[in-house]
1. Could you say which residue among 177, 183 is in contact (Cβ under 8 Å) with a residue 40 or more places away in the chain and farther than 27 Å from residue 105 by Cα?
2. Suppose we filter region 134-155 for residues that are over 19 Å from the mean Cα position of the chain (by Cα), without any contact (Cβ under 8 Å) to a residue 60 or more places away in the chain and buried (at least 18 other Cβ atoms within 10 Å of the Cβ); how many remain?
3. May I ask you to say which residue of 214, 195 is at pLDDT 95 or above and touching a helix residue (DSSP H, G or I) at 6+ places or on another chain (Cβ under 6 Å)?
4. Identify the residue in region 204-223 that is touching a residue at least 60 places away in the same chain (Cβ under 8 Å) and not in a strand (DSSP E or B) and, among all such residues, is surrounded by the most Cβ atoms within 10 Å (Cβ to Cβ).
5. Is it the case that residue 190 is buried (at least 18 other Cβ atoms within 10 Å of the Cβ) and under 23 Å from the mean Cα position of the chain (by Cα)?
6. What pairs come out if I take residues in region 121-133 that are surrounded by fewer than 11 Cβ atoms within 10 Å (Cβ to Cβ) and pair them with residues that are at pLDDT 95 or above whose C-beta lies under 8 Å away, six or more apart or interchain?
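The values are calculated or read from the model by the stated rules, or taken from the named source; none is laboratory data. These numbers were taken from a predicted model, which means no experiment stands behind them. Quick reminder, even Gly has a Cβ in these numbers, built from the backbone with ideal geometry, and neighbours come from all protein chains shown.
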């Protein structure tokens, strides 16, 4: 009598079922891992974006808090080599502010610079893509005759939609959207006691695809510097 030897193993159907189950498990695992990586990238992108905006606003607040104007101007226009100002109003792409400040820091030893500078903040077109807008900071490390021009432009926030400033007048107790220390009919030689800053940026993940950030700055020197007036007892 011939006995048949039974060899243990898996049939082709069992192998196919096992491979199918393994493929399903691998697909589910990879999908979950891939979704986790996408969520991480999204959170990092949002965090980096918020950090850039927060740093830009903090810089604006710090520099506006050190703004100043001086009443010492040569009466002859031909001899005026330096003019200070604090000018705010609506520009081409929103509000714009130009002011002189004590916020400059020398980066090089023995540089012929002081802590005074010219600063501007405004919205303009992106230098490489005119369909996008950016928040720009203009800085000149020396104050000249025209404190609204010159200097170096640097982008603070990309994809910025709007920039608004409001100024609290200590004399009237009212908020205004314009300020001009050069005009005798405006606010000659005095600064607002508070500056409200509103920045609207693009947010592709928001319901209305934009987000608004609001903060305030408080200038420490609200009256024009006058070193020729002394109080005597």
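1. Details: 183 fails: in contact (Cβ under 8 Å) with a residue 40 or more places away in the chain.
Among 177, 183, only 177 is in contact (Cβ under 8 Å) with a residue 40 or more places away in the chain and farther than 27 Å from residue 105 by Cα.
2. 1
3. Details: 214 fails: touching a helix residue (DSSP H, G or I) at 6+ places or on another chain (Cβ under 6 Å).
Selected residue: 195, the only one of 214, 195 that is at pLDDT 95 or above and touching a helix residue (DSSP H, G or I) at 6+ places or on another chain (Cβ under 6 Å).
4. 219
5. Values: buried (at least 18 other Cβ atoms within 10 Å of the Cβ): yes; under 23 Å from the mean Cα position of the chain (by Cα): no.
Taking the combined requirement at face value, the residue does not satisfy it.
6. none
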